[in-house]
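*Asks:* Below is a structure I'd like to ask you about.
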Amino acid sequence: MNLFQSVALGVAVTAVASDVTTRRIPNLLTFGAAIAALMAHVYAAGWTGAGMSLAGWLLGVAFFFPVFALGGMGAGDLKLLGALGAWLGPTAAAWVALYSGVAGGVMAVFVAMFSGYLTKALSNIWGLLMFWRVAGVRPAPELMLSSQQGPRLAYAVPVLAGLVVTLWFR
């Protein structure tokens, strides 16, 4: 594991600790990590490194933006993936997003099952699909995270899992 990967892992672990305890991922962590990544890449590889770092950040943000825009994810999770992408580059950002989505889906099912919320969660998913069928794909105010009382998944945990799997396969 190289230095950039180690720093990304440290950022993710710090984000998990914050997300689990406070339900927030601080901007200082996400934006600070992204700026530090950009500077480190400029130092290591000049403008080429800066381009890779910026592309990783943009792609990381782009992957989670649709879910965030529809009210299904917090901005901290989106910025966290962007920061990890800034450290790891666009290809790794794509893999982290993919593996995080899989891990998040599995973890969400377990959280819903063990909290007795699975039936309600499936009903909400069906309601969202029917809302989209009628109104088009846009936020459904009554089904957004901010308006729901169900259990919460600290999404930094699946992002960390996605990062670990990505680093494992590299």
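The values are calculated or read from the model by the stated rules, or taken from the named source; none is laboratory data. Computed from a prediction, not measured in an experiment: that's the story for all the values here. So basically every Cβ, Gly included, is an ideal-geometry build from the backbone, and we count neighbours across all protein chains shown.
*Asks:* Among (1) surrounded by 23 or more Cβ atoms within 10 Å (Cβ to Cβ); (2) over 24 Å from SER146 (Cβ atoms); (3) touching a Gly at 6+ places or on another chain (Cβ under 7 Å), where does ALA33 come up short?
*Replies:* Every condition holds for ALA33 apart from (3).
*Asks:* Now for a separate question. Quick one: in segment 136-170, of everything that is over 15 Å from LEU84 (Cα atoms) and of a type in the set (A, V, I, L, M), which residue is nearest to the chain's Cα centre (by Cα)?
*Replies:* That would be ALA154.
*Asks:* Would you pick out the residues in segment 109-129 that are among the aliphatic types (A, V, I, L, M) and under 15 Å from LEU70 (Cβ atoms)?
*Replies:* ILE125, LEU128, LEU129, listed by residue number.
*Asks:* Provide a single number: the residues in segment 1-16 that are free of Cβ contacts under 8 Å to residues at least 60 places away in the same chain and surrounded by 14 or more Cβ atoms within 10 Å (Cβ to Cβ). Working first, answer last.
*Replies:* The initial filter retains those residues of segment 1-16 that are free of Cβ contacts under 8 Å to residues at least 60 places away in the same chain, namely 2-3, 6, 10, 14.
Filter once more, so that each one left must be surrounded by 14 or more Cβ atoms within 10 Å (Cβ to Cβ): 14.
The total comes to 1.
*Asks:* Looking at the structure I just gave you, is GLY46 free of Cβ contacts under 8 Å to residues at least 40 places away in the same chain, assigned to a helix (DSSP H, G or I) and farther than 27 Å from VAL157 by Cβ? Break it down into steps so the answer makes sense when it comes.
*Replies:* Details: free of Cβ contacts under 8 Å to residues at least 40 places away in the same chain: yes; assigned to a helix (DSSP H, G or I): yes; farther than 27 Å from VAL157 by Cβ: yes.
Spelling it out, GLY46 is indeed free of Cβ contacts under 8 Å to residues at least 40 places away in the same chain, assigned to a helix (DSSP H, G or I) and farther than 27 Å from VAL157 by Cβ.
*Asks:* Quick check on LEU98: is it under 23 Å from MET39 (Cβ atoms) and among the hydrophobic types (A, V, I, L, M, F, W, C)?
*Replies:* The answer is no for LEU98.
*Asks:* How many of the residues making up segment 1-43 are of a type in the set (A, V, I, L, M, F, W, C), over 17 Å from VAL61 (Cβ atoms) and either touching a Phe, Trp or Tyr at 6+ places or on another chain (Cβ under 6 Å) or modelled with pLDDT of 95 or more (or both)? If you could, list the steps in order and put the result at the bottom.
*Replies:* At the first step, the residues of segment 1-43 found to be of a type in the set (A, V, I, L, M, F, W, C) are 1, 3-4, 7-9, 11-13, 15-17, 20, 25, 28-29, 31, 33-40, 42.
From what's left, over 17 Å from VAL61 (Cβ atoms): 1, 3-4, 7, 9, 13, 16-17, 20, 28, 39-40, 42.
Cutting the leftovers down to either touching a Phe, Trp or Tyr at 6+ places or on another chain (Cβ under 6 Å) or modelled with pLDDT of 95 or more (or both) gives us 3-4, 7, 9, 13, 16-17, 20, 28, 39-40, 42.
Number of matching residues: 12.
Let's see how each residue does on (1) within 30 Å of MET39 (Cβ to Cβ); (2) in contact with a helix residue (DSSP H, G or I) (Cβ under 6 Å, 6 or more places away or on another chain); (3) surrounded by fewer than 17 Cβ atoms within 10 Å (Cβ to Cβ):
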| residue | (1), (2), (3) |
| --- | --- |
| PHE63 | yes, yes, no |
| PRO66 | yes, no, yes |
| MET73 | yes, yes, no |
| GLY105 | no, no, yes |
| ALA108 | no, no, no |
| TRP126 | no, no, yes |
| PRO141 | no, no, yes |
| GLY150 | no, no, yes |
